[in-house]
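Here's the structure, in structure tokens; my notes come after.
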Amino acid sequence: MPSGWEHPSLSPQQRARLEELYPEATIAADHSWPFGITVLEFHAAGAHLLLKASATSHHLEREYRAHTRWLDALDADVPTLVAYDHEAGLLVKTFLPGRLVLASPAERDLEVFRRAGTLLGRLHRGVAPIHAPHYEESMVRKTRAWLRRAGGLAPPEQLRAAARWLEVFRPSPVELVPTHGDYQPRNWLLRPDGRLAVIDFGRAELRPWYSDLIRMEHGDFAFRPALQVAFMDGYGPAPAPEGGAAVDAGRRLDELMQSLGTIVWSHEMGDADFEDHGRTMLARILADA
């Protein structure tokens, strides 16, 4: 891999700033996403680091906020933040060696899921829950916005059913905790010493605790229920109210928003497989409504 910062996806401002911070850097690998985030593994001054660069800063802002406010609860089981430049759109953290759980034998390992549950429980309990009287009102607005953009991307009768469900939903106050936002095997790293680490907090935000379970409930858990049992055994008791009609309805609202968001975002990004997954989610949610 080349030395220096002549990567084609970096802006002149980003290259100049990186030359200031890491003038002797050597790029080791390109892990860039196909959807606008440049991710480069590099070495500089004896350190093994990971760069994220983006022209749109919301992903990096959320990751920075997570590292500075919430990730002490995970200690050495997450990368360490090294540098952040909001204006240039750059974030640097330590590189953790290992292999992703996704698409590996570990994705069927009950012990790996138990440890993943333990890590998520630590994140969710890292700060006291925050009472949010109007959170679900904002969620309804976001879900309706996704619904308006989903026209032609899902069966019309399903979109009408989703609209009817939103009409009768009544928001309630909820308790919010720090959440990862994309907690699933593609963001779990099995390290050489056997420990599990969590990466990529670009969707981290304060949400209800159950929000972090939804992607797995419509993924790994749906096909291998034993993984969910192991995961929840590691997770432990819920950090906020777990049952009741209001909580169940709030959880369904979160599912609906995530399914519609998946459909629309994936369509706009050209990710047909993930778009189909969103439609499968939507159909399952409405069948249970």
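The values are calculated or read from the model by the stated rules, or taken from the named source; none is laboratory data. Note that this is a predicted model, so its numbers are computed, not measured. Please note: Cβ atoms are built from the backbone with ideal geometry, for glycine as well, and neighbour counts cover all protein chains shown.
Structure notes:
- Test: residue in region 210-230 that is within 17 Å of the chain's Cα centre (by Cα), not assigned by TED's automatic domain parsing to the domain that holds Ile37, not acidic (Asp, Glu) and not in a helix (DSSP H, G or I): yes
- Scanning region 84-97 for residues that are under 16 Å from the mean Cα position of the chain (by Cα) and not aromatic (Phe, Trp, Tyr) turns up nothing.
- When region 213-225 is filtered for residues that are touching a residue at least 12 places away in the same chain (Cβ under 8 Å) and in contact with a helix residue (DSSP H, G or I) (Cβ under 6 Å, 6 or more places away or on another chain), the ones remaining, listed by number, are Ile214, His218, Asp220.
- Qualifying positions in region 96-130 - on the phi < 0 side of the Ramachandran plot, assigned to a loop (DSSP other than H, G, I, E, B) and surrounded by fewer than 20 Cβ atoms within 10 Å (Cβ to Cβ): Leu96, Pro97, Leu102, Ser104, Asp109, Arg125, Gly126, Val127, Ala128, Pro129
Conditions tested, residue by residue: (1) closer than 23 Å to Ala238 by Cβ; (2) among the hydrophobic types (A, V, I, L, M, F, W, C).
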{"position": "Pro97", "(1), (2)": "no, no"}
{"position": "Ala103", "(1), (2)": "no, yes"}
{"position": "Ala106", "(1), (2)": "no, yes"}
{"position": "Glu111", "(1), (2)": "yes, no"}
{"position": "Leu120", "(1), (2)": "yes, yes"}
{"position": "Ala132", "(1), (2)": "yes, yes"}
{"position": "Tyr135", "(1), (2)": "yes, no"}
{"position": "Arg149", "(1), (2)": "no, no"}
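- Any hit, region 106-129, residues being under 30 Å from Ile27 (Cβ atoms) and over 19 Å from the mean Cα position of the chain (by Cα): yes
- Residue pairs whose Cβ atoms lie under 6 Å apart, separated by 6 or more positions or on different chains, with the first residue in region 25-39 and within 21 Å of Ala272 (Cα to Cα) and not assigned by TED's automatic domain parsing to the domain that holds Asp200 and the second modelled with pLDDT under 95 and of a type in the set (A, V, I, L, M), are Phe35/Met269.
- Residue list for region 40-55, filter: surrounded by 17 or more Cβ atoms within 10 Å (Cβ to Cβ) and within 10 Å of Leu90 (Cα to Cα): Leu51, Lys52, Ala53, Ser54
- Tallying residues that are within 17 Å of Pro79 (Cβ to Cβ) and hydroxyl-bearing (Ser, Thr, Tyr) within region 5-31 yields 1.
- The lone exception for Arg62 - which of (1) in contact (Cβ under 8 Å) with a residue 12 or more places away in the chain; (2) exposed (fewer than 13 other Cβ atoms within 10 Å of the Cβ) it fails: (2)
- The listed residues are Tyr183, Tyr135, and the only one of them that is among the hydroxyl-bearing types (Ser, Thr, Tyr) and farther than 21 Å from Trp265 by Cα turns out to be Tyr135.
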